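Written below as C-alpha coordinates is the structure these notes are about.
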Amino acid sequence: MKYLAPLLIFALLGCKIFQPINKQNVENAITKNALQLLEDKRFHSVSVAVYKNGKSTIKHFGELTIGKGNKPNDSTLYELASVTKTFTGYIAAKAVLEKKINLDDDIRIYLDELYPNLEFKGEPIRIKHLITHTSGFPNFPIKSENKKAFFEGLELINIETKPGERYFYSNTAPELTAYILEKVYQKSFEELVIEFVLKPNKMNQTKFTLNENDRTRLVKGYNDKNKLMPNFNRTLWGGISGLHSTTTDLVKYMKLQLDKSNPIVNESHKKLYKEGSDFWEGYHWYIIENDNKLIYRHHGGIYGMQNWFVIYPKQNIGISILTNTSFDKTGEILEKVVDNLYNDINTN
(Lines give C-alpha, C1' and ligand atoms only; values in the text may rest on other atoms or scores of the structure.)
Protein backbone atom coordinates (compact mmCIF):
# COMPACT_ATOMS: atom_id res chain seq x y z
CA MET A 1 0.00 0.00 0.00
CA LYS A 2 2.87 2.37 0.73
CA TYR A 3 3.74 2.38 -2.99
CA LEU A 4 0.20 3.26 -4.04
CA ALA A 5 0.42 7.02 -3.40
CA PRO A 6 3.62 7.52 -5.41
CA LEU A 7 2.14 5.45 -8.25
CA LEU A 8 -1.01 7.57 -8.26
CA ILE A 9 1.03 10.76 -8.24
CA PHE A 10 3.13 9.45 -11.12
CA ALA A 11 0.00 8.49 -13.06
CA LEU A 12 -1.55 11.91 -12.54
CA LEU A 13 1.66 13.63 -13.54
CA GLY A 14 1.78 11.40 -16.60
CA CYS A 15 -1.71 12.57 -17.61
CA LYS A 16 -0.66 16.17 -17.20
CA ILE A 17 2.47 15.61 -19.25
CA PHE A 18 0.83 13.81 -22.17
CA GLN A 19 -2.40 15.83 -22.58
CA PRO A 20 -0.72 19.19 -23.42
CA ILE A 21 1.52 17.42 -25.95
CA ASN A 22 -1.53 16.07 -27.77
CA LYS A 23 -3.17 19.51 -27.71
CA GLN A 24 0.05 21.09 -28.98
CA ASN A 25 0.10 18.64 -31.87
CA VAL A 26 -3.46 19.66 -32.77
CA GLU A 27 -2.51 23.35 -32.55
CA ASN A 28 0.51 22.74 -34.75
CA ALA A 29 -1.62 20.92 -37.32
CA ILE A 30 -4.17 23.74 -37.37
CA THR A 31 -1.45 26.38 -37.75
CA LYS A 32 0.29 24.52 -40.56
CA ASN A 33 -2.85 24.05 -42.61
CA ALA A 34 -4.24 27.54 -41.95
CA LEU A 35 -1.01 29.27 -42.96
CA GLN A 36 -0.80 27.15 -46.10
CA LEU A 37 -4.34 28.25 -46.99
CA LEU A 38 -3.49 31.92 -46.45
CA GLU A 39 -0.62 31.63 -48.91
CA ASP A 40 -3.42 31.84 -51.49
CA LYS A 41 -3.92 35.63 -51.49
CA ARG A 42 -7.60 35.28 -52.31
CA PHE A 43 -8.04 34.26 -48.67
CA HIS A 44 -7.75 36.88 -45.96
CA SER A 45 -8.77 35.19 -42.71
CA VAL A 46 -9.51 31.71 -41.46
CA SER A 47 -10.90 30.43 -38.18
CA VAL A 48 -10.48 26.77 -37.29
CA ALA A 49 -12.19 24.81 -34.52
CA VAL A 50 -11.29 21.21 -33.70
CA TYR A 51 -12.97 18.98 -31.16
CA LYS A 52 -11.11 15.76 -30.41
CA ASN A 53 -11.79 13.30 -27.61
CA GLY A 54 -13.57 15.86 -25.45
CA LYS A 55 -11.01 18.64 -25.94
CA SER A 56 -11.49 21.70 -28.14
CA THR A 57 -8.81 23.71 -29.91
CA ILE A 58 -9.67 26.98 -31.66
CA LYS A 59 -7.26 29.21 -33.58
CA HIS A 60 -7.70 32.28 -35.77
CA PHE A 61 -5.48 33.68 -38.52
CA GLY A 62 -5.27 36.55 -40.99
CA GLU A 63 -7.35 39.70 -41.07
CA LEU A 64 -11.07 40.35 -41.40
CA THR A 65 -10.60 43.67 -43.18
CA ILE A 66 -7.93 43.89 -45.85
CA GLY A 67 -5.04 46.01 -44.59
CA LYS A 68 -6.40 46.40 -41.05
CA GLY A 69 -4.72 43.43 -39.42
CA ASN A 70 -7.86 42.74 -37.37
CA LYS A 71 -7.64 39.01 -36.70
CA PRO A 72 -10.88 37.12 -36.01
CA ASN A 73 -11.44 35.81 -32.51
CA ASP A 74 -13.77 33.58 -30.51
CA SER A 75 -16.45 36.30 -30.55
CA THR A 76 -16.40 36.78 -34.31
CA LEU A 77 -19.77 35.97 -35.89
CA TYR A 78 -19.74 34.10 -39.17
CA GLU A 79 -22.68 33.34 -41.44
CA LEU A 80 -23.19 29.57 -41.51
CA ALA A 81 -24.98 29.65 -44.87
CA SER A 82 -26.06 26.13 -45.87
CA VAL A 83 -24.72 24.53 -42.69
CA THR A 84 -28.00 25.96 -41.37
CA LYS A 85 -29.66 23.06 -43.23
CA THR A 86 -28.25 20.61 -40.69
CA PHE A 87 -30.27 22.41 -38.00
CA THR A 88 -33.33 22.01 -40.21
CA GLY A 89 -32.52 18.33 -40.51
CA TYR A 90 -32.16 17.95 -36.75
CA ILE A 91 -35.59 19.44 -36.10
CA ALA A 92 -37.11 17.33 -38.88
CA ALA A 93 -35.60 14.24 -37.24
CA LYS A 94 -37.10 15.28 -33.92
CA ALA A 95 -40.48 15.76 -35.58
CA VAL A 96 -40.28 12.26 -37.10
CA LEU A 97 -39.44 10.69 -33.73
CA GLU A 98 -42.30 12.57 -32.12
CA LYS A 99 -44.61 11.46 -34.96
CA LYS A 100 -45.38 15.05 -35.90
CA ILE A 101 -44.44 14.13 -39.45
CA ASN A 102 -43.68 10.94 -41.32
CA LEU A 103 -40.91 10.58 -43.90
CA ASP A 104 -43.39 9.06 -46.36
CA ASP A 105 -46.00 11.80 -45.97
CA ASP A 106 -47.16 13.56 -49.14
CA ILE A 107 -45.98 17.12 -48.49
CA ARG A 108 -49.31 18.51 -49.72
CA ILE A 109 -51.13 17.38 -46.57
CA TYR A 110 -49.32 20.25 -44.83
CA LEU A 111 -50.11 22.88 -47.47
CA ASP A 112 -53.15 25.12 -47.67
CA GLU A 113 -53.66 24.66 -51.42
CA LEU A 114 -53.94 21.48 -53.50
CA TYR A 115 -50.82 21.95 -55.67
CA PRO A 116 -51.62 19.23 -58.26
CA ASN A 117 -48.31 20.11 -59.92
CA LEU A 118 -46.26 18.78 -56.99
CA GLU A 119 -46.20 15.20 -58.20
CA PHE A 120 -44.90 13.20 -61.16
CA LYS A 121 -47.32 10.81 -62.88
CA GLY A 122 -49.24 10.35 -59.65
CA GLU A 123 -46.12 9.97 -57.50
CA PRO A 124 -46.15 12.70 -54.81
CA ILE A 125 -43.24 14.52 -53.29
CA ARG A 126 -42.72 13.17 -49.78
CA ILE A 127 -41.02 14.59 -46.70
CA LYS A 128 -37.98 12.37 -47.24
CA HIS A 129 -37.54 13.85 -50.71
CA LEU A 130 -37.41 17.37 -49.31
CA ILE A 131 -34.60 16.55 -46.89
CA THR A 132 -32.47 14.54 -49.33
CA HIS A 133 -32.58 16.91 -52.34
CA THR A 134 -34.55 14.38 -54.38
CA SER A 135 -37.86 16.25 -54.66
CA GLY A 136 -37.32 17.59 -58.17
CA PHE A 137 -37.67 21.14 -56.87
CA PRO A 138 -35.54 23.87 -58.49
CA ASN A 139 -32.38 24.95 -56.69
CA PHE A 140 -33.68 28.39 -55.79
CA PRO A 141 -37.31 29.29 -55.07
CA ILE A 142 -39.05 30.69 -58.13
CA LYS A 143 -40.19 33.53 -55.89
CA SER A 144 -38.40 34.37 -52.65
CA GLU A 145 -39.09 38.02 -51.89
CA ASN A 146 -41.45 36.96 -49.07
CA LYS A 147 -43.34 33.92 -47.76
CA LYS A 148 -46.53 34.68 -49.70
CA ALA A 149 -44.56 34.89 -52.94
CA PHE A 150 -42.81 31.62 -52.12
CA PHE A 151 -46.13 29.75 -52.23
CA GLU A 152 -47.04 31.49 -55.48
CA GLY A 153 -43.78 30.16 -56.85
CA LEU A 154 -44.65 26.62 -55.72
CA GLU A 155 -47.60 26.69 -58.13
CA LEU A 156 -45.19 27.29 -61.02
CA ILE A 157 -42.91 24.33 -60.35
CA ASN A 158 -42.90 21.56 -62.95
CA ILE A 159 -41.75 18.18 -61.57
CA GLU A 160 -39.98 16.40 -64.44
CA THR A 161 -38.73 13.21 -62.76
CA LYS A 162 -40.12 10.75 -60.25
CA PRO A 163 -39.46 12.08 -56.73
CA GLY A 164 -36.79 10.11 -54.90
CA GLU A 165 -34.99 8.91 -58.00
CA ARG A 166 -32.59 11.74 -58.78
CA TYR A 167 -30.44 13.97 -56.58
CA PHE A 168 -30.61 17.66 -57.44
CA TYR A 169 -29.51 20.20 -54.85
CA SER A 170 -32.43 22.42 -53.89
CA ASN A 171 -32.68 25.45 -51.66
CA THR A 172 -36.42 25.48 -52.28
CA ALA A 173 -37.06 22.18 -50.46
CA PRO A 174 -35.51 23.05 -47.05
CA GLU A 175 -37.50 26.27 -46.89
CA LEU A 176 -40.69 24.28 -47.39
CA THR A 177 -39.47 21.84 -44.73
CA ALA A 178 -39.05 24.75 -42.30
CA TYR A 179 -42.59 25.89 -43.07
CA ILE A 180 -43.96 22.38 -42.44
CA LEU A 181 -42.09 22.21 -39.12
CA GLU A 182 -43.61 25.54 -38.13
CA LYS A 183 -47.05 24.20 -38.95
CA VAL A 184 -46.78 20.96 -36.97
CA TYR A 185 -45.20 22.60 -33.92
CA GLN A 186 -47.21 25.84 -34.12
CA LYS A 187 -44.07 27.91 -33.52
CA SER A 188 -41.83 29.95 -35.78
CA PHE A 189 -38.84 28.13 -37.24
CA GLU A 190 -36.55 30.54 -35.39
CA GLU A 191 -38.24 29.57 -32.10
CA LEU A 192 -37.85 25.87 -32.93
CA VAL A 193 -34.12 26.24 -33.55
CA ILE A 194 -33.70 28.13 -30.28
CA GLU A 195 -35.83 25.73 -28.22
CA PHE A 196 -34.61 22.42 -29.67
CA VAL A 197 -30.97 23.11 -30.52
CA LEU A 198 -29.52 26.33 -29.18
CA LYS A 199 -30.79 26.50 -25.60
CA PRO A 200 -30.24 22.83 -24.69
CA ASN A 201 -26.66 23.04 -25.94
CA LYS A 202 -25.93 26.51 -24.51
CA MET A 203 -25.20 27.87 -27.98
CA ASN A 204 -25.90 31.43 -26.86
CA GLN A 205 -23.93 33.06 -29.67
CA THR A 206 -25.77 31.26 -32.47
CA LYS A 207 -28.78 33.14 -33.80
CA PHE A 208 -30.85 34.19 -36.78
CA THR A 209 -31.69 37.69 -35.55
CA LEU A 210 -28.79 39.97 -34.63
CA ASN A 211 -28.87 42.94 -32.28
CA GLU A 212 -26.77 46.07 -32.73
CA ASN A 213 -23.83 44.65 -30.78
CA ASP A 214 -23.95 41.41 -32.74
CA ARG A 215 -23.67 43.30 -36.00
CA THR A 216 -20.38 44.84 -34.90
CA ARG A 217 -19.01 41.29 -34.60
CA LEU A 218 -20.44 40.04 -37.90
CA VAL A 219 -17.89 39.27 -40.58
CA LYS A 220 -17.95 41.22 -43.83
CA GLY A 221 -16.57 38.99 -46.55
CA TYR A 222 -14.93 39.34 -49.96
CA ASN A 223 -15.07 37.77 -53.38
CA ASP A 224 -11.91 36.74 -55.28
CA LYS A 225 -11.54 40.30 -56.62
CA ASN A 226 -11.30 41.62 -53.03
CA LYS A 227 -14.66 43.29 -53.40
CA LEU A 228 -16.61 43.59 -50.16
CA MET A 229 -19.80 41.53 -50.35
CA PRO A 230 -23.17 42.07 -48.63
CA ASN A 231 -24.44 39.85 -45.83
CA PHE A 232 -27.35 37.52 -46.52
CA ASN A 233 -30.82 39.03 -46.09
CA ARG A 234 -33.29 36.38 -44.94
CA THR A 235 -36.76 36.81 -46.43
CA LEU A 236 -38.14 33.29 -45.83
CA TRP A 237 -38.13 30.86 -42.88
CA GLY A 238 -34.43 30.16 -42.60
CA GLY A 239 -34.45 26.49 -43.54
CA ILE A 240 -31.57 26.97 -45.97
CA SER A 241 -29.47 29.74 -44.46
CA GLY A 242 -29.53 32.64 -42.04
CA LEU A 243 -27.87 31.34 -38.88
CA HIS A 244 -24.81 33.12 -37.53
CA SER A 245 -22.38 31.52 -35.10
CA THR A 246 -18.96 31.61 -33.47
CA THR A 247 -16.25 28.98 -33.38
CA THR A 248 -16.90 28.36 -29.67
CA ASP A 249 -20.57 27.63 -30.34
CA LEU A 250 -19.71 25.39 -33.27
CA VAL A 251 -17.62 23.26 -30.93
CA LYS A 252 -20.78 22.81 -28.84
CA TYR A 253 -22.58 21.77 -32.02
CA MET A 254 -19.83 19.23 -32.68
CA LYS A 255 -20.38 17.77 -29.21
CA LEU A 256 -24.09 17.44 -29.98
CA GLN A 257 -23.44 15.70 -33.30
CA LEU A 258 -21.01 13.28 -31.63
CA ASP A 259 -23.48 12.36 -28.89
CA LYS A 260 -24.37 8.75 -29.73
CA SER A 261 -26.84 8.65 -26.82
CA ASN A 262 -29.02 11.32 -28.45
CA PRO A 263 -31.84 9.64 -30.45
CA ILE A 264 -32.46 12.77 -32.52
CA VAL A 265 -28.82 12.87 -33.61
CA ASN A 266 -28.96 9.18 -34.49
CA GLU A 267 -32.14 9.67 -36.51
CA SER A 268 -30.70 12.70 -38.32
CA HIS A 269 -27.62 10.66 -39.30
CA LYS A 270 -29.65 7.89 -40.94
CA LYS A 271 -28.91 7.15 -44.58
CA LEU A 272 -32.04 8.05 -46.53
CA TYR A 273 -30.81 8.20 -50.12
CA LYS A 274 -27.80 6.50 -51.71
CA GLU A 275 -26.02 8.57 -54.29
CA GLY A 276 -22.80 6.63 -54.84
CA SER A 277 -20.94 3.53 -53.73
CA ASP A 278 -20.02 5.12 -50.40
CA PHE A 279 -22.09 8.32 -50.40
CA TRP A 280 -25.54 8.95 -48.92
CA GLU A 281 -27.82 11.80 -47.93
CA GLY A 282 -29.26 11.88 -44.43
CA TYR A 283 -31.33 14.63 -42.83
CA HIS A 284 -29.34 17.32 -44.65
CA TRP A 285 -26.10 15.55 -43.85
CA TYR A 286 -23.82 14.23 -46.55
CA ILE A 287 -22.64 10.86 -45.32
CA ILE A 288 -19.51 9.08 -46.49
CA GLU A 289 -18.92 5.56 -45.26
CA ASN A 290 -16.54 2.84 -46.36
CA ASP A 291 -14.24 0.33 -44.69
CA ASN A 292 -11.95 3.03 -43.36
CA LYS A 293 -14.14 5.94 -42.36
CA LEU A 294 -17.51 7.38 -41.51
CA ILE A 295 -18.07 11.09 -42.11
CA TYR A 296 -21.02 13.46 -41.70
CA ARG A 297 -20.41 16.80 -43.35
CA HIS A 298 -21.93 19.91 -44.86
CA HIS A 299 -20.56 22.87 -46.75
CA GLY A 300 -21.82 26.43 -46.41
CA GLY A 301 -21.27 29.16 -48.97
CA ILE A 302 -22.68 32.67 -49.06
CA TYR A 303 -21.71 35.95 -50.74
CA GLY A 304 -18.48 36.67 -48.81
CA MET A 305 -18.07 33.63 -46.56
CA GLN A 306 -17.62 29.89 -46.78
CA ASN A 307 -17.20 27.05 -44.35
CA TRP A 308 -16.98 23.30 -43.94
CA PHE A 309 -18.43 21.52 -40.91
CA VAL A 310 -17.36 17.89 -40.61
CA ILE A 311 -17.97 15.14 -38.04
CA TYR A 312 -15.92 11.94 -37.72
CA PRO A 313 -17.89 9.85 -35.19
CA LYS A 314 -15.57 6.82 -35.10
CA GLN A 315 -12.61 9.01 -34.18
CA ASN A 316 -14.69 11.36 -31.96
CA ILE A 317 -13.48 14.34 -33.98
CA GLY A 318 -15.22 17.45 -35.28
CA ILE A 319 -13.72 20.12 -37.54
CA SER A 320 -15.05 23.51 -38.59
CA ILE A 321 -13.20 25.84 -40.96
CA LEU A 322 -14.56 29.31 -41.72
CA THR A 323 -13.19 32.04 -43.99
CA ASN A 324 -14.28 35.52 -45.07
CA THR A 325 -13.86 34.71 -48.77
CA SER A 326 -16.21 33.24 -51.35
CA PHE A 327 -15.58 32.33 -54.98
CA ASP A 328 -16.22 29.34 -57.21
CA LYS A 329 -13.38 27.12 -55.98
CA THR A 330 -13.48 28.09 -52.31
CA GLY A 331 -15.42 25.01 -51.22
CA GLU A 332 -13.06 22.62 -53.00
CA ILE A 333 -10.03 24.33 -51.47
CA LEU A 334 -11.49 24.27 -47.96
CA GLU A 335 -12.47 20.62 -48.38
CA LYS A 336 -8.83 19.74 -49.05
CA VAL A 337 -7.75 21.73 -46.00
CA VAL A 338 -10.23 19.81 -43.84
CA ASP A 339 -9.00 16.47 -45.22
CA ASN A 340 -5.35 17.39 -44.61
CA LEU A 341 -6.08 18.70 -41.13
CA TYR A 342 -8.00 15.55 -40.23
CA ASN A 343 -5.13 13.36 -41.42
CA ASP A 344 -2.68 15.41 -39.36
CA ILE A 345 -4.66 15.38 -36.11
CA ASN A 346 -5.87 11.80 -36.40
CA THR A 347 -2.31 10.51 -36.24
CA ASN A 348 -1.70 12.32 -32.91
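The values are calculated or read from the model by the stated rules, or taken from the named source; none is laboratory data. Just so you know, these numbers come straight off a predicted model, no measurement behind them. Methodologically, a virtual Cβ is constructed for each residue, glycine included, from the backbone with ideal geometry; neighbour enumeration extends over all protein chains shown. Ligands, DNA and RNA are excluded from the accessible area calculation, which covers all protein heavy atoms including side chains. Shrake-Rupley method; radii C 1.70, N 1.55, O 1.52, S 1.80 Å.
One table, with the values for the structure above:
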read-out	value
Pick from segment 215-228, criterion open to solvent by less than 100 Å² (accessible area, probe 1.4 Å) and outside any loop (DSSP other than H, G, I, E, B), ranking: farthest from P72 (Cα to Cα)	L228
Residue in segment 129-158 that is least open to solvent (accessible area, probe 1.4 Å), counting only those that are of a type in the set (K, R) and closer than 22 Å to S82 by Cβ	K143
Residue ID - farthest from S268 (Cα to Cα), chosen from residues in segment 112-128 that are without any contact (Cβ under 8 Å) to a residue 40 or more places away in the chain and open to solvent by less than 70 Å² (accessible area, probe 1.4 Å)	G122
Odd one out for K94 among (1) assigned to a helix (DSSP H, G or I); (2) under 21 Å from L236 (Cα atoms); (3) within 26 Å of the chain's Cα centre (by Cα); (4) not aromatic (F, W, Y)	(2)
Criterion violated by V46 - all others in (1) among the hydrophobic types (A, V, I, L, M, F, W, C); (2) open to solvent by 10 Å² or more (accessible area, probe 1.4 Å); (3) part of a strand (DSSP E or B); (4) under 18 Å from I302 (Cβ atoms) satisfied	(2)
Residue within segment 197-214 that is open to solvent by 40 Å² or more (accessible area, probe 1.4 Å), closer than 30 Å to S47 by Cα and in contact with a strand residue (DSSP E or B) (Cβ under 8 Å, 6 or more places away or on another chain) present	yes
Number of positions in segment 64-94 that are closer than 18 Å to F327 by Cβ, open to solvent by 20 Å² or more (accessible area, probe 1.4 Å) and of a type in the set (D, E)	0
Residues being part of a loop (DSSP other than H, G, I, E, B) and surrounded by fewer than 20 Cβ atoms within 10 Å (Cβ to Cβ) - total across segment 229-257	7
Of all residues in segment 182-194 being within 15 Å of L243 (Cβ to Cβ) and over 18 Å from the mean Cα position of the chain (by Cα), the one that is least open to solvent (accessible area, probe 1.4 Å)	S188
In segment 54-63, residue most open to solvent (accessible area, probe 1.4 Å) [restricted to those that are not small (G, A, S) and not in a loop (DSSP other than H, G, I, E, B)]	K55
Within segment 17-32, tally of residues that are more than 24 Å from L218 (Cα to Cα) and either basic (K, R) or open to solvent by less than 20 Å² (accessible area, probe 1.4 Å) (or both)	4
Residues within segment 64-91 that are of a type in the set (V, I, T) and not in a loop (DSSP other than H, G, I, E, B), tallied	5
Residue in segment 285-294 that is of a type in the set (D, E) and within 18 Å of Q315 (Cβ to Cβ) present	yes
Residue within segment 39-47 that is under 27 Å from N231 (Cβ atoms), in contact (Cβ under 8 Å) with a residue 24 or more places away in the chain, among the acidic types (D, E) and out of contact with any Cys (no Cβ under 9 Å at 6 or more places or on another chain) present	yes
